[in-house]
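The values are calculated or read from the model by the stated rules, or taken from the named source; none is laboratory data. Treat the numbers as computed from the prediction; the structure is a model and nothing was measured. Because the Cβ atoms are built from the backbone with ideal geometry, glycine has one as well, and the counts that use them run over all protein chains shown. The protein model used for the area step is the full one, side chains on, heavy atoms only, and it has no ligands, DNA or RNA in it. Shrake-Rupley method; radii C 1.70, N 1.55, O 1.52, S 1.80 Å.
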Amino acid sequence: LLLGSITEHVLVRAPCPVLTVPNRLLAPAAADAPSFARILCAVDFSPASLQALAYARSLAEQPGATLTVATVVERGPVVEPVMMGGSGTPSYDPRAVATAEARLRDCLAKDARGRAPAAEVVSEGKAYAEILRLADERAADLIVLGAHGHGVLDRLFFGSTAQHVVRQTPCPVLTVRLRP
């Protein structure tokens, strides 16, 4: 159910960003350092994710690198009861998608000085599933995530989205925790 206990400990307590590489990608050391040409950075506009975006931007400055910045709108509390003609299942609030698009554009515009443009993606669904889908669809070499905990559980888990992504990733994940 959990990553290895040492990995969990490092991800929760490390004062620096942590690069997690899936076992299936581990191979004898190559002569060249790994190249992260296709970088996917997922943001939820939290301070930790904005710090992760700064790391992703700096990594994307290498020649030939591309950066995709994504945010995911999860199902919200907009439910139309069956009695009122609705399906009774949660639906996406179209205003939430428009708001996410505007926030993403604004976030990238603030940090655009002299940097290569980043592709913007607003996706709908479960955050970790959409991040993994985008990483696969775009053949990402690296996923960059901000990780933040939620109170007491932070000692055990470093964020459910980050945990799911690190456990199921097709590529390395750089997890950035907010520095106090």
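Taking the stretch 100-134 as the range and being modelled with pLDDT of 90 or more, among the acidic types (Asp, Glu) and surrounded by 12 or more Cβ atoms within 10 Å (Cβ to Cβ) as the test, the residues that pass are 101, 120, 124, 130.
For the stretch 23-39, name all the residues that are open to solvent by less than 80 Å² (accessible area, probe 1.4 Å) and at pLDDT 80 or above. Within the stretch 23-39, 36, 37, 39 qualify.
Can you confirm whether the stretch 48-56 contains a residue that is farther than 29 Å from residue 174 by Cβ and at pLDDT 60 or above?
no
Considering each residue of the stretch 70-83 in turn, none proves to be under 21 Å from the mean Cα position of the chain (by Cα), at pLDDT 90 or above and open to solvent by 70 Å² or more (accessible area, probe 1.4 Å).
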